[in-house]
Every structure is written in C-alpha cells, then in structure tokens.
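Visitor: Please find one structure pasted underneath; my questions will follow.
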Amino acid sequence: MRSATLASILSLAALTVLPVRSPSQVTRHVHTNRSDARVLPLAREEGVFHFVIYGDRTGGPKEGIRVLEQAVADTKLLDPDLVMTVGDLVQGYNSLEPWLEEMREFKGVMDKLPCAWFPVAGNHDVYWRGPKPPVGEHERDYETHFGPLWYWFEHKNAAFFVLYTDEGDPKDGSKGIGQSRHQQMSPEQIAWLRAELAKVKDKRHVFVFCHHPRWIDSRYPENNWWKDVHTLLAAAGNVTAVFGGHIHRIVYTGKRDGIEYHALATTGGHLNEENAPQLGYVHHLHVVTVREGGIQVATLPVGAVFDPKQLTEERLRELDELRSMSFAASDGPIEVASDGSALGIYATRIENTTSHPIEVTLTPQLDAGRWSFGPDHVHAVIAPGTERRLAFAVARQARGFEDFTVPEALVHVDWLADAGRVSLPERRLVLPLSFVGVEDRPFDPGRSGALSFAGGASAVTVDSKKLALPDGPFTVECWVRPTSLDGRRGLIGQADQSEFGLFASDATLDFSVHLDGQYKRVKTDPGTLSLGAWQHVAGVFDGHELRLYLNGLLLGRTAATGKRSRNALPFVIGADTGRRGPNSGIEGLVDEVRVSTGARYEDADFEAPRRLTADDKTVLLLHCDEHYGPYVLDVSGRAAHGQLRSGAKIDRVRFVDAR
C-alpha cells in the first residue's frame, strides 16, 4: 500500500510542470532577523522622473538675473531630467542690439544647467520698440537664438508641447499687450497642434507650456479662444497638465476634463508683493514629479535648496563662532541724565576669527522714545584674523521718562564663503545705558510706586553676574502686599537645585538655601502671610543658621552651615526661577527689594523700615518707584538693574507705613 502510494505521487509529479520565477517575480520583503515585528510596506517600483519649470524672468528690475542664477544653482542640486520655461526670458521691448545683449545674458545663466532646457516665447521676448520694426518684430531673432516658436519633443513616454500665444492680430499681424486680439494662436499653429497630438496618442502623459494663461476666465473675459484649444487637448485624452506664466502670480485653476491648469509666478520678474508666497507672489520654481499614474507639482522658493555637503564640521564651527559673537560696548554705557536726556557713543570692536571675510551691518532702530542716531547705520567687511571698530552716536532729548524706551540696533552678519554668501539670523542688540544721574535723585513721595505682578511668569529678573553675591552670610528682604497666594508661589531668589529663595506658597513663608549639596530650610506655619496688607519679609543666613522674619518678628530658625551652591540663572523677583524662565509667580505688589552681604538682622526682633537704604553691605536695592523702559533701577551702585517680564509693571502706590 505504501509502495503504491509513493508510485502514484511520483507519477503525478512527472506530469506537473512547476513555474520558474524570473528575478523580477521574486517576492520582495524587508530582510531582518527580528521576529514578531511589524511588517513594513515596500517602496513603489514604477518608473518616475522629474522636471523643473521656471516662471517669468523679466518685467522687473535688472537685478532679477541674480534670482535666475540662484534658481539655476538650486536646480543643479535637484538634478531634474530637464527644465522648462513659460516665457518672458528677456526684457525686450527694444531693438536688435539690446535684445541680443539680454539674450546672451539669459542664455549664459541657463547654459550652466547640467540638463537640457526648453524655452517658451512670451510677449517680452518678441515685442519690438524702436524705428522700423521688422515683420513679426523679434520673432525671427527669437527663433535664431532660442528655438522654434512652437514645437514638441518626447521624453520617457511623455510628450512636451510648447505653444506660442503672441502671434498678433490675425488681420494685420500687429502686436500689443493692451488688447486681447494680439494674444492669439494662428490657424496654422492650431492645425499643427491637432495633427501632432494625434501622433502622440501612445504617450502616457502630454504636458503643454505657453505664456498667456488664457484659461483664467476672470483675466481674459473677452475673445477667449482658449476654449477651442482646450477642446483639442481634452479630445486627445492623454494631456495631463498645462503650464503658463505672464501674470506673475501662482494660480491653480484646477482640473478641467482631467487636465490640470497651472499659472506660475516669477523667477526673477516683477512681483506685486514681495515675500508673500501664501498669496502666490514669490520667486520660485515648480518641481514636477511624473509617475505612470499621475503627477505631483511642488513649489520651491528660489534659494530654499542647499547642498548638505556644504555643512562640514569646519564650516559649522565657523558659523557657530559668528552666531556667538559678542557686540559688547567698548566705550562704556550711554549716560542718561535725570531729565531723560542722553548723549554718548555706542562702539564695539568686532574680531573676525573665521577663515573667510565677514560683512557686518549695525542699524539703530528708531522708535517713539525720542532717540536719534548718527549715522543711520554702520557697515564693514572684516578680513579673516582682523578687527574693526564700529560706532555711532546716540542722543535723546530732555523729555522726561513717560515715553522712555531702551535704544536698540539690529545686527546683520554675512559670512563670505567661497561657495557663496551665508546670512546669519538677524540679532537685536540692546544698547547699554547708565542711569547714575537718575539713581541719585532725592526721593519724592509723590512718585512712590511698587512692582505689580499678575502671577505665572510675571516677574522682574536681574543678571546674577551683576548681583555677584559672594559666599558666606547674606540677607534678602522685601515688602510685599499679596492678593493671592494659593498653590506654589515664588517671592525672591534664584533657587534651582542650588542658590536660595524666599517662597510664599499657600501663604506659608519658606526661606531655603542650598548648602553643601542640599537645601537647608526654615518655614513658618500655614497662613502666615496676610492678603491685602503690606508686610516686610526677610531671610538671613549668618553662616551657622537660617532665620526668617515677618514685620521684624523672628518666626523661625534652623541650623545651617556650608558653602552655597551656585547657578548662572537670573535672580527673580515676584516668582520662582527656572531654566525656562520665571514661573509660579505671586499676585500682588512687591516693594523695596534688598540683597546684602552679612547677617543684617540679629536673632532679636527689629523695627522694619518702610524705605530701605543702601550701604557698603548692599549688593542690590530696588526702590521700585519708577521704570525706565524695561528697567527698574538698582541704586546700590552696582547697576544690577531689574527688567520687567511678562506683564510685570510699576503701580503708583502711596508711601505709607506697613503697620
């Protein structure tokens, strides 16, 4: 039985022909030795190619040729099969000699492409201006130097048709841009198009290029003969898309009978609105991806393509050096007088440490703060390894401080590399000011004020490098009138796993100092702080213990020794500090902020003065009466001025005793 079964199987096998798979039929899959992983989809295998289309080059300033040069550089990196245009290659509207000069300029740029490019004739390319215009104006010149006025060619199972839409008035051949009778296609050209479309019925795609987008009915409401052309294209059955120019704005008209209609903007021509790509006004190139099943059209602004091989480690190192370049004042700050007037020189020395020249421009910014500058900008090209001084005068009228702002300048730096200019992100430079004359003004109770905070990130920050609080004993204090203290609330400090801070979370006072790698803390009972009342808060570290005072009364103490842990974060008033900026702020008023070296208050109670004074122990003192632009002045003599952040402001507050 077993022998008979085996014989039957062998007999059946002899009669069965197993198919042999060609290499292209072998099942493709992702190769891995990882089991139980998601099965990845495979890439498409159908044929694909790309071509690029340029918009109008002319109708704008002569400098537009630079835009075309950049477009060619971009195209080299994209490496398409070919490049098409949609007309207006030269400025034209002239006689032969200037036309030839413009033609040579255009072709000189385009011939740098690594692929074939194909022209389309526009009105600028064929219109003559001057005496004795020849028949057809510049048409003969165009065909001699650029190519046929209409033609087609094939590429990878596609046909590319170029049409000529400026044949002129069919009655007299006259040309002109003002009347629709001049933008025509002759019966001869239409007959040629009909006959040639019949020859390419086997092509998967047919693409059509012309200058005037007469399919846009709103622009050509009269004598719109394109409907007849469209009927021809639709009847062919394989026309995929039509591309035109002339209007200097990107307009997609959609699909008609399966044909996409695209109008391009410019590649160097005139734009009605600069830098408005979302409105269709942009120097650009279209990149068309062609697959068997259809096309995808993408717009790239000119200059948006760059070579990643240029981003070498050495190049990036030099660019990073430029990004971190200091523009610190070399001649001292600009002095502001008590009447708000100012006069000085802003100067900075710039050293080029890179291996290429750099171009630096400083442009002072005019504003409503009554500042004036001279000159209106300073500019220098600085050779590698050299230094230049850039300076301009700064002045302000004696107008008080009601509209006071801090003067600023924009800094623009270009790196002039062999491969081309690299523009770094523009920086905004705040000019340094000195308020010595303002700080020394006697106190006027009529201008008494206090800092007003709205919670969250609302705060005043002080550069901790200017604060420069040394190691050892110190005192931090302020007056506060809170309106809300629920949840976590910072009051004063720069605590972030280091340094120190006064906190008022849930109306509980907390003084913390980070010593020898850990926080030492003294806290009061919940609800210690009162809402709506002025209270003096002080934290003291004397080298042996922490003490916490409220209105001069000692509320808590804890033993504490060690060296204070440091950070470079700003000192924050009205909130907690953080690496992403102030947070957990109080709501209410803060006044008379003082930081001092040494233990200013001993372990006994004391009478808290409503207005604090500066002495040789003071490293920061903000009276908080006024602000000068974003600044709240430090009167300690260290110029560690605070800066208002996120809605913090100065409120007029009557100067009264807290108790």
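Visitor: What full-extension length gain, to one decimal in nm, is calculated for Asn157 and Arg219 as 0.36 nm per residue of separation minus the Cα-Cα distance?
Guide: Difference between extended and current length: 18.9 nm.
Visitor: Compute the length gained on full extension between Thr361 and Thr405: take 0.36 nm times their separation in residues and subtract their Cα-Cα distance, giving the result in nm to one decimal.
Guide: Residue separation times 0.36 nm, minus the Cα-Cα distance, leaves 13.6 nm.
Visitor: Related question: What's the percent breakdown of Cα-Cα distances in the stretch 54-140 across 10 Å bins, shortest bin first?
Guide: All Cα pairs considered, the percentages come to 17, 49, 26, 7, 1.
Visitor: Classify the stretch 217-281 as rounded, prolate or oblate from the Cα gyration tensor: take a ≥ b ≥ c as the square roots of its eigenvalues, call it rounded if a/c is under 1.5, otherwise prolate when a/b beats b/c and oblate if not.
Guide: In terms of gyration-tensor shape, prolate.
Visitor: Another question about this same structure. Between Asp172 and Asp111, what is the label-point separation in nm under the 7 Å Cα-to-beta-carbon projection?
Guide: With each label placed 7 Å out from Cα toward Cβ, I get 3.9 nm.
Visitor: Å³ per residue of the Cα convex hull, for the stretch 333-396? Show your work: numbers first, answer last.
Guide: Working: hull volume 4.7 nm³, N = 64.
Hull volume over Cα atoms, normalised by residue count, gives 73 Å³.
Visitor: Test of understanding: what is the full-extension gain from Ser326 to Thr508, defined as 0.36 nm times their sequence separation minus their Cα-Cα distance? Please list the in-between numbers first.
Guide: Working: separation 182, 0.36 × 182 = 65.52 nm, distance 4.33 nm.
Here the answer is 61.2 nm.
Visitor: While we're looking at this one, here's another question. So, how do all the Cα-to-Cα distances of the stretch 93-242 break down into 10 Å bins, in percent, from 0 on up?
Guide: Going from the shortest bin to the longest, the percentages are 10, 37, 34, 18, 1.
Visitor: Hey, how many Å between the Cα centroid of the stretch 378-402 and the Cα centroid of the stretch 294-326?
Guide: Taking the Cα centre of the stretch 294-326 as reference, the centre of the stretch 378-402 is 30 Å away.
Visitor: Roughly how tilted is helix 2-15, in degrees to the nearest 10 and between 0 and 90, from the longest Cα axis of the chain?
Guide: 60
Visitor: Just add up the charged neighbours of Phe606: K/R +1, D/E -1, any other residue whose Cβ is under 12 Å from the Cβ of Phe606. Before the final figure, lay out each step's value.
Guide: On the way: positive: Arg547, Arg600; negative: Glu477, Glu602, Asp603, Asp605, Glu607.
For residues surrounding Phe606, the net value is -3.
Visitor: So if I average 1/r over every pair of distinct C-alpha atoms in the stretch 363-504 and take the inverse, what Kirkwood radius in Å does that give?
Guide: 20.5
Visitor: Counting C-alpha atoms alone, how compact is the stretch 19-172: give Rg to one decimal and Dmax as a whole number, in angstrom.
Guide: 23.1, 82
Visitor: Between the stretch 176-208 and the stretch 490-525, how far is it from one alpha carbon centroid to the other, in angstrom?
Guide: 81
Visitor: Next up: At 4 °C and 1.567 mPa s, grab the translational diffusion coefficient of the stretch 514-607 from Stokes-Einstein with a Kirkwood Rh over Cα pairs, rounded to a whole number in µm² per second.
Guide: Taking Rh from Cα pairs, D becomes 86 µm²/s.
Visitor: If you take the Cα atoms of the stretch 179-238, find Rg, then find the Kirkwood Rh from the mean of 1/r over all pairs, what is Rg/Rh? Numbers along the way, then the final one.
Guide: Details: Rg = 12.5 Å, Rh = 12.6 Å.
Reported Rg/Rh, Kirkwood definition of Rh: 0.99.
Visitor: May I ask you to derive the FRET efficiency for Lys309 and Asp81 from their Cβ-Cβ distance with R0 = 22 Å, giving the value to the nearest 0.05?
Guide: Details: r = 22 Å, r/R0 = 1.00.
Result of the calculation: an efficiency of 0.50.
Visitor: Here's a follow-up. Please give the net charge around Arg370, taking every other residue with its beta carbon less than 13 angstrom from that of Arg370, where Lys and Arg add +1 and Asp and Glu add -1. Kindly include the intermediate steps, with their values, before the conclusion.
Guide: Numbers: positive: Arg396, Arg399; negative: Asp339, Asp367, Glu402, Asp403.
Net local charge, Arg370 excluded: -2.
Visitor: Can you bin the stretch 445-529 into rounded, prolate or oblate? Criterion: square roots of the alpha carbon gyration tensor eigenvalues sorted a ≥ b ≥ c, rounded for a/c under 1.5, prolate for a/b above b/c, oblate for the rest.
Guide: oblate
Visitor: Each residue of the stretch 543-549 in turn: what ³J(HN,Hα) in whole Hz from Karplus with 6.51, -1.76, 1.60 and θ = phi - 60°, glycine and Pro shown as x?
Guide: Computed from phi, the couplings for the stretch 543-549 are x, 10, 8, 9, 10, 10, 10 Hz.
Visitor: With viscosity set to 1.002 mPa s at 20 °C, what whole-number translational diffusion coefficient in µm²/s follows for the stretch 112-198 from Stokes-Einstein and a Kirkwood radius over Cα pairs? Walk me through the intermediate numbers first.
Guide: Numbers: Rh = 14.3 Å.
So the translational diffusion coefficient is about 149 µm²/s.
Visitor: Run lengths n ≥ 4 of DSSP H only: what is the helix-derived mean residue ellipticity at 222 nm for the chain, with -39500 (n - 2.57) per run over all residues, to the nearest 500?
Guide: -4500 deg cm²/dmol
Visitor: Using the beta-carbon distance between Leu553 and Gln497 and R0 = 35 Å, what value does 1/(1 + (r/R0)^6) give for FRET efficiency, to the nearest 0.05?
Guide: Rounded to the nearest 0.05, the efficiency is 0.70.
Visitor: Let me ask something else. On the first, second and third principal axes, largest extent first, how far apart are the outermost C-alpha atoms of the stretch 280-384 in Å?
Guide: The Cα atoms of the stretch 280-384 stretch 77, 37, 19 Å along their principal axes.
Visitor: While we're looking at this one, here's another question. On a C-alpha basis, how far is the centre of the stretch 545-613 from the centre of the stretch 103-144 in Å? Whole number, if you could?
Guide: First find each Cα centre; the distance between them is then 78 Å.
Visitor: Take Lys466 and Ser423, extend 7 Å from each Cα along the Cα→Cβ direction, and tell me the distance between the two endpoints in nm.
Guide: 3.3
Visitor: Still on this structure: Based on Cβ point charges of +1 for Lys and Arg and -1 for Asp and Glu, what charge dipole magnitude is obtained for the stretch 501-613 about its Cα centre, in debye rounded to the nearest 20?
Guide: For the stretch 501-613, the charge dipole is close to 500 debye.
Visitor: So how long is each side of the chain along the principal axes, counting just the alpha-carbon atoms, biggest first, in Å?
Guide: Result for the chain: principal-axis Cα extents of 109, 108, 51 Å.
Visitor: Of Ser372, Ser646, Ser458, Ser423, how do they rank once you tally other Cβ atoms within 10 Å and put the fewest first?
Guide: So the residues, fewest neighbours to most, are Ser423, Ser372, Ser646, Ser458.
Visitor: While we're on this one: Suppose each label sits 7 Å from its Cα in the direction of the beta carbon; what would the Thr613-Asp202 distance come out to in nanometres?
Guide: It is 10.5 nm.
Visitor: Under unit Cβ charges (Lys, Arg +1; Asp, Glu -1), what dipole magnitude, rounded to 20 debye, does the stretch 564-659 have relative to its Cα centre? Walk me through the numbers on the way to the answer.
Guide: Working: 15 positive and 15 negative charges, 102 e Å.
Magnitude of the dipole: close to 480 debye.
Visitor: So for the chain, taking the charge dipole from beta-carbon charges (+1 Lys/Arg, -1 Asp/Glu), which of Leu550, Phe571, Phe306 sits furthest toward the positive end?
Guide: Looking along the dipole axis, the top candidate is Phe306.
Visitor: Once you list every other residue whose beta carbon is under 12 Å from the beta carbon of Ala235, what net charge do they have if Lys and Arg are +1 and Asp and Glu are -1? Let's see the in-between values first.
Guide: Values: positive: Arg194, Lys201; negative: Asp228, Asp257.
For residues surrounding Ala235, the net value is 0.
Visitor: Restricted to Cα positions, what overall size does the stretch 190-314 have along the principal axes? Three whole-Å values, descending.
Guide: 60, 35, 22
Visitor: Can you list the lysines whose alpha carbon sits under 28 Å from that of Lys171, skipping same-chain ones fewer than 8 residues off?
Guide: Lys132, Lys227
Visitor: Going 7 Å from the Cα of Arg580 in the Cα-to-Cβ direction, what parts of the stretch 483-508 have a backbone nitrogen less than 20 Å from that spot?
Guide: 487-491, 494-498
Visitor: Additional query: Where in the stretch 408-424 is the amide nitrogen less than 16 Å from a point lying 7 Å along the Cα-to-Cβ axis of Val381?
Guide: Backbone N within reach: 413-423.
Visitor: Another question about this same structure. Averaging sequence separations of C-alpha pairs under 8 Å and six or more residues apart, then dividing by the length of the chain, give the relative contact order as a whole percent.
Guide: Details: 1508 pairs, mean separation 62.7, N = 659.
RCO, the chain: 10 percent.
Values in this text are rule-based calculations from the coordinates and carry no lab data. Not measured: the values here are computed from a predicted model. As a convention, Cβ positions derive from the backbone with ideal geometry for all residues, glycine included, and neighbour counts pool all protein chains shown.
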